[in-house]
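The values are calculated or read from the model by the stated rules, or taken from the named source; none is laboratory data. Note that the structure is a prediction, hence the values are computed from the model and not measured. Quick reminder, even Gly has a Cβ in these numbers, built from the backbone with ideal geometry, and neighbours come from all protein chains shown. All accessible areas refer to the heavy atoms of the entire protein, side chains included, with ligands and DNA or RNA removed. Shrake-Rupley method; radii C 1.70, N 1.55, O 1.52, S 1.80 Å.
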Amino acid sequence: MARERTFSILKPDATERNLTGAINAMIEQAGLRIVAQKRVRITKEQAERFYAVHKERPFFGELVAFMISGPVVVQVLEGENAISKYREVMGATDPAKAAANTIRKVHARSIGENSVHGSDAPDTAEREIAQFFSENEIVG
Ligand code: CMP
């Protein structure tokens, strides 16, 4: 399997609790390289665009409001099978269902405030990375 890139967000519940370093350590220990990273406040328009696939879901308004409630850290992660590897490291969306020692099991507060986002497929990874980074900001 080839080297891959995936897009990651450390969400406002993580930055609020100073968990950037702890989560980055879990990412790096899994063999993923953080090849781009910035701490930003995203706008409502950016959040709505990012989560457009969920716009008919009942939790969409809550999700957007949460994602703009504080700073986030957007990242590009690189490595072998980065997309599926990061999904393993994150654990299930609902922390109650996440496996032991995953980021969400260890740190997430709830299904909504679940500390991290990771791309689910190569096409979404490419689109999500392009929403927040230009190619010259990614240093592998
Ligand atoms: P994420 O991987 O960022 O992708 C979509 C997000 O929607 C998901 O993580 C959750 O944080 C959020 N989400 C999914 N289900 C619910 C729910 N029932 N209530 C609130 N947020 C949800």
Just one of (1) among the basic types (Lys, Arg); (2) modelled with pLDDT of 95 or more; (3) open to solvent by 20 Å² or more (accessible area, probe 1.4 Å) trips up Arg3, so point out which. (2)
Of the numbered conditions (1) away from the ligand (no atom under 14 Å from the Cβ); (2) aliphatic (A, V, I, L, M); (3) under 22 Å from Ala36 (Cα atoms), Ala100 satisfies every one except a single condition; which is it? (3)
Looking at (1) open to solvent by less than 90 Å² (accessible area, probe 1.4 Å); (2) within 16 Å of the ligand (Cβ to nearest atom); (3) not aromatic (Phe, Trp, Tyr), which is the only condition Arg127 fails? (1)
Filter region 47-60 for residues that are in a helix (DSSP H, G or I) and open to solvent by 60 Å² or more (accessible area, probe 1.4 Å) and give the result. Glu48, Arg49, Val53
